[in-house]
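In what follows, a structure is listed as structure tokens, so that the remarks can point back to it.
The values are calculated or read from the model by the stated rules, or taken from the named source; none is laboratory data. None of these values were measured; they are calculated from a predicted model. Here the Cβ is made from the backbone with ideal geometry for all residues, glycine too, and neighbour counts use every protein chain on show. What goes into the accessible areas is simple: the full protein's heavy atoms, side chains included, and nothing from ligands, DNA or RNA. Shrake-Rupley method; radii C 1.70, N 1.55, O 1.52, S 1.80 Å.
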Amino acid sequence: MKEYGEILENVDLKKYNTYGIGGCAKYVIYPSSIANLQKLLKYLADKNISWYVLGGGSNVILPDQDFSGAIIKLDKLDKYTVDRDKVIVEAGISLAKFVKNMLDDGYTNYGSLMGIPGLLGGAIRGNAGAYGINIFDYLISVTIMDELGNIRKLKKDDIKYDYRETEFKKQNIIIIEAEFQGVKGDVALELDNIIKNAKKRKNTQPLEYKNAGSVFKNPPGLSAGYMIEHAGLKGITIGGAQVSEKHANFIINYNNATSHDIIGLIELIKKEVKNKYKVELVLEQQQIIW
């Protein structure tokens, strides 16, 4: 497999997700090109080795069990090009670098996403967003690869998506590239907004602890954090996991939490909020099962 990119063996996955949880993976592989990713998928299929694509490890809940297959990391697939205000980007670029590159080119339409962790592919997969801007707002197309290595481009209008949701979450495909419309704006003003948003995050989110962002989607017209807090769940713990005292829609790993601890808290929150508000909270984070 070394001919397809960098390969690591027997890797502790706690270092590869923002919750800091999980077991070990037999392999972690960084394909060096899209062509080598295709070859890698064929090799894994021929050898009957299961695989999972892991982005920046944010917004996911990894299991405590070890994984006998291959974790595929697309970090080396991070090309960024611009053609007549169309921005073409490979999915392995970090969201922060994507936003910075756009700002460097004078495009301000994704400045609000600065501060969201993870890679672009994961942001597209979950239609990530912040401060009124979503990744799909200026999306033109997405290029995907199926498990057999076949590549196809989908126009935005051909993709089913919603608030923090896309059809990609339910499909065994790999997002490899996307095209966006760049919108010129006042870069200095946008940089000021980014600084303000960063301060707001620091004051309202438990960034000093390991976490994976908002746990639940906000129901239409409602706040998940408000309901969790007023159900009396702020600060409640299971094992080493805790509902944040700073923001109730965050679960933090404050003392060597396990996936089991976090899932236990999620189920407790859903139950108590449903009892109090008759609302079924929907998980925004993705629970991974090997």
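Exactly one of these conditions fails for PHE168: (1) assigned to a loop (DSSP other than H, G, I, E, B); (2) open to solvent by less than 20 Å² (accessible area, probe 1.4 Å); (3) in contact with a Lys or Arg (Cβ under 7 Å, 6 or more places away or on another chain). Give me its number.
(1)
For (1) open to solvent by 30 Å² or more (accessible area, probe 1.4 Å); (2) at pLDDT 95 or above; (3) part of a helix (DSSP H, G or I), each residue gets a yes or a no:
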| position | (1), (2), (3) |
| --- | --- |
| PHE180 | no, yes, no |
| ALA188 | yes, yes, yes |
| ILE194 | no, yes, yes |
| LYS199 | yes, yes, yes |
| ASN218 | yes, yes, no |
| ALA248 | no, yes, no |
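Assuming ASN109 fulfils every condition listed in (1) crowded, with 21+ Cβ neighbours inside 10 Å; (2) in contact with a helix residue (DSSP H, G or I) (Cβ under 7 Å, 6 or more places away or on another chain); (3) of a type in the set (S, T, N, Q) apart from one, which condition is it?
ASN109 satisfies every listed condition except (1).
Does ASN255 satisfy the criteria of being in contact with a strand residue (DSSP E or B) (Cβ under 9 Å, 6 or more places away or on another chain), polar (S, T, N, Q) and either touching a residue at least 40 places away in the same chain (Cβ under 8 Å) or under 24 Å from CYS24 (Cβ atoms) (or both)? Full working, then the answer.
Details: in contact with a strand residue (DSSP E or B) (Cβ under 9 Å, 6 or more places away or on another chain): yes; polar (S, T, N, Q): yes; either touching a residue at least 40 places away in the same chain (Cβ under 8 Å) or under 24 Å from CYS24 (Cβ atoms) (or both): yes.
For ASN255, the condition - in contact with a strand residue (DSSP E or B) (Cβ under 9 Å, 6 or more places away or on another chain), polar (S, T, N, Q) and either touching a residue at least 40 places away in the same chain (Cβ under 8 Å) or under 24 Å from CYS24 (Cβ atoms) (or both) - is met.
What is the number of the single condition among (1) surrounded by fewer than 17 Cβ atoms within 10 Å (Cβ to Cβ); (2) of a type in the set (A, V, I, L, M); (3) under 22 Å from the mean Cα position of the chain (by Cα) that LEU222 does not meet?
Result: LEU222 fails condition (3) only.
If you take just the strands (runs of 3 or more DSSP E) that sit entirely in the stretch 55-134, which of them hold at least 3 residues that are within 30 Å of LYS2 (Cβ to Cβ) and either touching a Lys or Arg at 6+ places or on another chain (Cβ under 9 Å) or among the hydroxyl-bearing types (Ser, Thr, Tyr) (or both)?
Numbers: elements: 67-72, 80-83, 86-90.
Once the strands (runs of 3 or more DSSP E) in the stretch 55-134 are filtered for at least 3 residues that are within 30 Å of LYS2 (Cβ to Cβ) and either touching a Lys or Arg at 6+ places or on another chain (Cβ under 9 Å) or among the hydroxyl-bearing types (Ser, Thr, Tyr) (or both), what remains is 67-72, 86-90.
Restricting attention to the stretch 140-158, which residues are crowded, with 19+ Cβ neighbours inside 10 Å and more than 16 Å from LEU54 (Cα to Cα)? I'd like the intermediate steps shown before the answer.
First pass over the stretch 140-158, keeping only residues crowded, with 19+ Cβ neighbours inside 10 Å: 142, 144-145.
Within the stretch 140-158, just VAL142 meets the criteria.
Go through the stretch 135-147 residue by residue and tally those that are among the hydroxyl-bearing types (Ser, Thr, Tyr) and not in a strand (DSSP E or B). Steps first, please.
Narrowing the stretch 135-147 to residues among the hydroxyl-bearing types (Ser, Thr, Tyr): 138, 141, 143.
Within this subset, residues satisfying the condition of being not in a strand (DSSP E or B) are 138.
Count: 1.
Which residues, taken from the stretch 220-246, are at negative phi and in a loop (DSSP other than H, G, I, E, B)?
PRO220, LEU222, SER223, ALA231, LEU233, LYS234, ILE236, GLY240, SER244, GLU245, LYS246
Just to verify a result, which residue in the stretch 225-241, among those that are touching a Lys or Arg at 6+ places or on another chain (Cβ under 9 Å) and within 17 Å of GLU284 (Cα to Cα), is surrounded by the most Cβ atoms within 10 Å (Cβ to Cβ)?
ILE228
Considering LEU44, LEU8, which residue is touching a Phe, Trp or Tyr at 6+ places or on another chain (Cβ under 9 Å), in contact (Cβ under 8 Å) with a residue 12 or more places away in the chain and surrounded by 18 or more Cβ atoms within 10 Å (Cβ to Cβ)? Spell out how you get there, then give the answer.
Values: LEU8 fails: surrounded by 18 or more Cβ atoms within 10 Å (Cβ to Cβ).
It is LEU44.
Please identify the pairs in which a residue from the stretch 190-213 that is touching a residue at least 24 places away in the same chain (Cβ under 8 Å) has its Cβ atom under 7 Å from the Cβ atom of a residue that is among the basic types (Lys, Arg), counting only partners at least 6 apart or on another chain.
From the stretch 190-213, the pairs are THR204/LYS246; GLN205/LYS246; PRO206/LYS246.
Say we look at the stretch 201-216 and pick out the residues that are among the hydrophobic types (A, V, I, L, M, F, W, C), in a loop (DSSP other than H, G, I, E, B) and open to solvent by less than 80 Å² (accessible area, probe 1.4 Å); which of these is nearest to TYR110 (Cα to Cα)?
So the first thing to find is which residues in the stretch 201-216 are among the hydrophobic types (A, V, I, L, M, F, W, C), and the list is 207, 212, 215-216.
Going one step further and asking which of them are in a loop (DSSP other than H, G, I, E, B), we end up with 207, 212, 215.
Checking the rest, the ones that are also open to solvent by less than 80 Å² (accessible area, probe 1.4 Å) come to 212, 215.
Numbers: ALA212: 21, VAL215: 23 Å.
The selected residue is ALA212.
Does SER58 meet the test of being within 16 Å of the chain's Cα centre (by Cα) and of a type in the set (S, T, N, Q)?
Values: within 16 Å of the chain's Cα centre (by Cα): yes; of a type in the set (S, T, N, Q): yes.
Yes; evaluated as a whole, the condition is true for this residue.
For SER259, which of the numbered conditions (1) touching a Pro at 6+ places or on another chain (Cβ under 9 Å); (2) closer than 30 Å to GLY149 by Cβ fails to hold?
Exception for SER259: condition (2).
Within the stretch 250-290, how many residues turn out to be in a loop (DSSP other than H, G, I, E, B), touching a helix residue (DSSP H, G or I) at 6+ places or on another chain (Cβ under 7 Å) and open to solvent by 10 Å² or more (accessible area, probe 1.4 Å)?
Residues of the stretch 250-290 that are in a loop (DSSP other than H, G, I, E, B), as a first pass: 250, 254-258, 278-282, 284-285, 288-290.
Still in the list and also touching a helix residue (DSSP H, G or I) at 6+ places or on another chain (Cβ under 7 Å): 279-281.
Narrowing the set further to residues that are open to solvent by 10 Å² or more (accessible area, probe 1.4 Å) leaves 279-280.
Within the stretch 250-290, residues that are in a loop (DSSP other than H, G, I, E, B), touching a helix residue (DSSP H, G or I) at 6+ places or on another chain (Cβ under 7 Å) and open to solvent by 10 Å² or more (accessible area, probe 1.4 Å) number 2.
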